[in-house]
Amino acid sequence: MALTQRLEIRQGQALVMTPQLMQAIKLLQLSSLDLIAYVDAELERNPLLERDAETDSHPQENAEPAASEAAPGGDDISSGDWLNQDLETSREAIERRLDSDLENVFPSELPDLPARQQTNELPATSEWAGVGSGGREGEGYDLEAFVSSERTLFDHLSEQLALSITDPVRRLIGAHLIDLVDEAGYIAGDLTEVAEKLGGAPAEVEAVLTVLQGFDPSGVCARNLAECLALQLKERDRFDPAMQALVGHLDLLAKRDLPALRRVCGVDDEDLVEMIAEIRSLNPKPGLAFGSTLVQPVIPDVLVRPGPNGDWIVELNTDTLPKVLLNQTYYEEVSKKTGSKSTEKAYLSECMQSGTWLVRALDQRARTILKVSTEIVRQQDGFFAHGVQHLRPLNLRMVADAIGMHESTVSRVTANKYMATTRGIFELKYFFTSAIAASNGGDAHSAEAVRHRIKTLIDSEVPSHVLSDDTIVDKLREAGIDIARRTVAKYREAMRIPSSVQRRREKQTAASASA
């Protein structure tokens, strides 16, 4: 067979990652704070973009009473709430300005669906060429981006929580308690209310708080000044009865009523002076050791509340959604003044193109987050109603198949997004757990729910009848959970629960001591 050279024309479809497509992917996985920073940068770069609030309070000069009025032949994409508007407007006008079909600029959907053949012709002055590579074309690395930011108390406590508590239920309680810690290091909240919100026992919340109070810095997670000082004294092994009495009567110390303190503590003048000096050496606000950076509270992207008919109402947190408008009136006015200048005309076309895509990408991002969150709430309705023990097994594919999206899109949506519920604020990824089969062929059980059930069984055992791993397996199978003994042992060890032999010894020793 002879080898020859020839020209052939072939037609085919391929997924082309255009700069606009990469921008949409980037916006989808940004957190609310990162999104606001990104939009602020685009508002500074693109003169055709403006905020909705700024338009209402500061109308532009030399413009119509409504600066967001659409151009002739197009709909109004700037007035009202952008989330409820049909943002695919002024199609003919945009195609006429760009001298190209709008489908060649961006696909009709986000990257989960097969993209049509794209054109690689972009304006020569486009600044989107470096979006996928971490920066704009021609920019070098920013060395300041590699400098670590100031360490916060929240980060410090969260790292210790991950190392100290492996039980998912207790870790959830600990994360919620850390969210309640103020910049001084004190817990601001009632533990009973925390237990009711999370659907747990007050004793378990108290036990988790005891673990948190052993974290560094000493005295952190205290509920009041006396408890903060007592934690620091216990670490120094100086919390004797006399010091305990002194900490319990800080009001007398504030009044400098030394005779009353001597009587309460049962010490002489010399010992009392030493005790007061040691109290003064303690840190009453241990959290301030981490600098002036305040603990950043989590801002939920989705709000979930019970509905009137027993269902759940899912809505977006509008405070985290940047309302960006495209001022077409200003574009029309500037276009008339540029005339036939090709450079200025190309710049305006690029601004219109990037601005239109940004507004549409923000709208699509909001709709996608709402769609994914609604499906998560529908799948995990038992958790919202009854607590963590009713958490169902869930993975990305189940949500993706239910809403007709790709798994990668669901993964991006659930990254760095939080949901505010009646039981607290949770990251969307928290609701995705592995599955354990049911013994009777019914619905599978969530791994975290099974761990919670094992912990409940062990906590309720009595010294005369300590449950072995085999007994726990039998009880779980009676409840319809098909689980192996080695899995129970793995979950028990992960929760740092000793074996049945060691638990029996500890319970018998405690019973003998109490008797």
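We did not get these values from a lab; they are worked out from the coordinates using the rules stated. The model shown is predicted, which means the values in this text are computed figures rather than measured ones. Cβ coordinates were reconstructed from backbone atoms using ideal geometry, including for glycine residues, and neighbour counts include every protein chain displayed.
Identify the single condition in (1) in contact (Cβ under 8 Å) with a residue 40 or more places away in the chain; (2) closer than 13 Å to V413 by Cα that E375 does not satisfy, given that it satisfies every other one.
So the condition that E375 fails would be (1).
List the residue pairs whose Cβ atoms are under 8 Å apart, where the first residue sits in the range 191-207 and is without any contact (Cβ under 8 Å) to a residue 24 or more places away in the chain, the second is among the polar types (S, T, N, Q), and the two are 6 or more positions apart or on different chains.
Listed pairs, sorted by first residue: P202/T192.
Being outside any loop (DSSP other than H, G, I, E, B) and either aromatic (F, W, Y) or over 35 Å from the mean Cα position of the chain (by Cα) (or both), is that true of even one residue in the range 300-311?
In the first step, residues of the range 300-311 are kept if they are outside any loop (DSSP other than H, G, I, E, B); the result is 302-306.
If we keep only those that are either aromatic (F, W, Y) or over 35 Å from the mean Cα position of the chain (by Cα) (or both) too, we end up with none.
Within the range 300-311, none of the residues are outside any loop (DSSP other than H, G, I, E, B) and either aromatic (F, W, Y) or over 35 Å from the mean Cα position of the chain (by Cα) (or both).
Filtering the range 180-208 down to residues that are under 20 Å from F384 (Cα atoms) and among the acidic types (D, E), which residue is surrounded by the most Cβ atoms within 10 Å (Cβ to Cβ)?
Residues of the range 180-208 that are under 20 Å from F384 (Cα atoms), as a first pass: 191-202, 204-205.
The next check asks that each one be among the acidic types (D, E); those that pass are 193, 196, 204.
Working: E193: 11, E196: 14, E204: 18.
So, considering only residues that are under 20 Å from F384 (Cα atoms) and among the acidic types (D, E), the one surrounded by the most Cβ atoms within 10 Å (Cβ to Cβ) is E204.
Does Q389 satisfy being farther than 26 Å from R423 by Cα and surrounded by 18 or more Cβ atoms within 10 Å (Cβ to Cβ)? Before you say what the answer is, go through the steps one by one.
Numbers: farther than 26 Å from R423 by Cα: no; surrounded by 18 or more Cβ atoms within 10 Å (Cβ to Cβ): yes.
It is false that Q389 is farther than 26 Å from R423 by Cα and surrounded by 18 or more Cβ atoms within 10 Å (Cβ to Cβ).
Please verify whether L282 is surrounded by 15 or more Cβ atoms within 10 Å (Cβ to Cβ) and assigned to a loop (DSSP other than H, G, I, E, B), treating the condition exactly as stated. Even if it seems obvious, please write down each step before you answer.
Numbers: surrounded by 15 or more Cβ atoms within 10 Å (Cβ to Cβ): yes; assigned to a loop (DSSP other than H, G, I, E, B): yes.
For L282, the condition - surrounded by 15 or more Cβ atoms within 10 Å (Cβ to Cβ) and assigned to a loop (DSSP other than H, G, I, E, B) - is met.
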